[in-house]
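Heads up: the structure comes next, in structure tokens.
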Amino acid sequence: MNKCVAMGRVALMMLLSLNVLAEVELHGELKQGGLLWGSLPVGSTAKLDGKALQTADNGVFVFGFDRDAAPAAILEICSANGSCETRDLHIAQRQYDIQRVNGVPQKTVTPPASVLERIRKETALVSKARQQQFSRQDFTQTFKWPVLGPITGVFGSQRVYNGSPGRPHYGLDIAAPTGSTVTAPIDGVVTLAHPDMFYSGGTLIIDHGMGVSSTFIHLSRVLVAEGQEIKQGQVIAEVGATGRATGPHLDWRINWAGLRLDPALVIGPMPSAK
Ligand SMILES: [Zn+2]
């Protein structure tokens, strides 16, 4: 009897070890701009296209696909006993609009030489903030809209500023009056709180762990400080039109490990405004 149970257990474990991937549920959208996470059996490791993904002690891992990601990727999972499996991921390809934005301050389209040093310093501050590493896993929470209002700009659109082609737009723009409160979509820790950057104006970066962060720009006021722990729903800032903006709106961005992702893919439909 005892022997029988033991054998049964061995057979079951083999079955599990051959099907680790089949049991890994991925949360998120397999699309260009998508953020995905999953949870592996403890001790397993994951690779995306041959590159190791950070895996937390509890098995959580996260990854994303940028605006122009290729249509296919390979996810490889190796269990603690060394057996590996791969899954072909099919990344939905998207079409991006061209958006003409007129009326932005011309100095923000062709910055004068006198501000180049300022821009360089601010870019360095942002990348330093995003390079900080936190083991937190706030991105597994269900995101809530940071502000409600009409969507006036989407991820990936090709921007033409006052007639000059610019870089693609990576934010989700939500129009709202200056002074409207911005709330945290999920928990996090503040890694950058800046009152006025050249392009982005009032700028706030909140880290959600494992390389995932939110950035909020064009703010009129930043109400939290660097190092501060933030809870979902907490008031963190006020909407503005600072930096290269034509009118008051919140521009919300999501980054993972140096890639720019689409906030619209992590959040559900907007609830109707009051
Ligand atoms: Zn924007």
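Things worth noting here:
- Solvent-accessible surface of protein heavy atoms, probed at 1.4 angstrom with all chains present, puts 55, 203, 110 in the order 110, 55, 203, largest first.
- Charge tally in the Cβ shell below 14 Å around residue 143, where Lys, Arg are +1 and Asp, Glu are -1, residue 143 excluded: -1
- Residues considered: 70, 193, 264. Largest GNM mean-square fluctuation over the chain, using C-alpha springs under 10 Å, is found at 70.
- Anisotropy class of the stretch 134-274 from Cα gyration tensor, a/c 1.5 cut: rounded
- Within the chain, DSSP assigns beta bridges of which about 90% are antiparallel (rounded to the nearest 5).
- Sequence-separation-based contact order of the chain, relative, with Cα cut under 8 Å and 6+ spacing, percent: 18
- Here the chain is assigned +1 on the Cβ of each Lys and Arg and -1 on the Cβ of each Asp and Glu. Its dipole about the Cα centre then comes out at about 420 debye.
- Under a 5 Å amide H cut-off, with hydrogens placed 1.01 Å from N, residue 159 pairs with 99, 166, 169 among residues at least 5 apart or on other chains.
- In order along the stretch 107-119, phi translates into HN-Hα couplings of 5, 8, 8, 10, x, x, 3, 5, 9, 4, 5, 4, 4 Hz, rounded to whole numbers, per the Karplus curve 6.51 cos²θ - 1.76 cosθ + 1.60 with θ = phi - 60° and x for Gly and Pro.
- Computed accessible area, residue 117, all protein chains, 1.4 angstrom probe, square angstrom: 90
- Furthest towards positive pole of dipole, 30, 270, 116, structure part the chain, Cβ charges: 116
- Its alpha carbons considered, the stretch 51-180 gives a radius of gyration followed by a Dmax of 20.0, 60 Å.
- Relative packing of 207-218, 92-103, 148-159, which averages over residues the other C-beta atoms within 10 Å, highest first: 207-218, 148-159, 92-103
- Sites residue 196 and residue 30, calculated FRET efficiency, Cβ-Cβ separation with R0 25 Å, nearest 0.05: 0.05
- Karplus-derived HN-Hα couplings along the stretch 142-147 (A = 6.51, B = -1.76, C = 1.60, θ = phi - 60°), whole Hz, x at Gly and Pro: 7, 5, 10, 4, x, 7
- Inter-label distance for residue 232 and residue 167, nm, one decimal - labels placed 7 Å from Cα along Cα-to-Cβ: 3.0
- Over 32 Å (Cα to Cα) - which of 51/107; 31/144; 47/121; 47/107 fall in this group: 51/107; 47/121; 47/107
- Within the full protein context, the accessible area of residue 170 is estimated at about 40 Å² for a probe radius of 1.4 Å.
- Panel note: the C-alpha atoms of the chain, placed on their principal axes, show extents of 80, 40, 35 Å (largest first).
- Note on the stretch 13-134: with neighbouring protein chains present and a 1.4 Å probe, carbon and sulfur make up 55 percent of its accessible heavy-atom surface.
- Here residue 266 sits with roughly 30 square angstrom of accessible surface, probe radius 1.4 Å.
- In the context of the full set of protein chains, the chain has a per residue accessible area of 50 Å² (1.4 Å probe).
- The local environment of residue 251, defined by Cβ-Cβ distances under 14 Å, has a net charge of +2 under the rule Lys, Arg +1 and Asp, Glu -1.
- Computed label-point distance, nm, for sites residue 104 and residue 116 using a 7 Å Cα→Cβ extension: 2.0
- Think of it as helices only: each DSSP H run of n ≥ 4 in the chain is worth -39500 (n - 2.57), and spread over all residues that comes to -4000 deg cm²/dmol at 222 nm.
The values are calculated or read from the model by the stated rules, or taken from the named source; none is laboratory data. Quick caveat: nothing in here was measured; it's all calculated off a predicted structure. Note that we place each Cβ from the backbone using ideal geometry, even for glycine, and neighbour counts take in every protein chain shown. Accessible surface areas use protein heavy atoms only, side chains included; no ligands, DNA or RNA. Shrake-Rupley method; radii C 1.70, N 1.55, O 1.52, S 1.80 Å.
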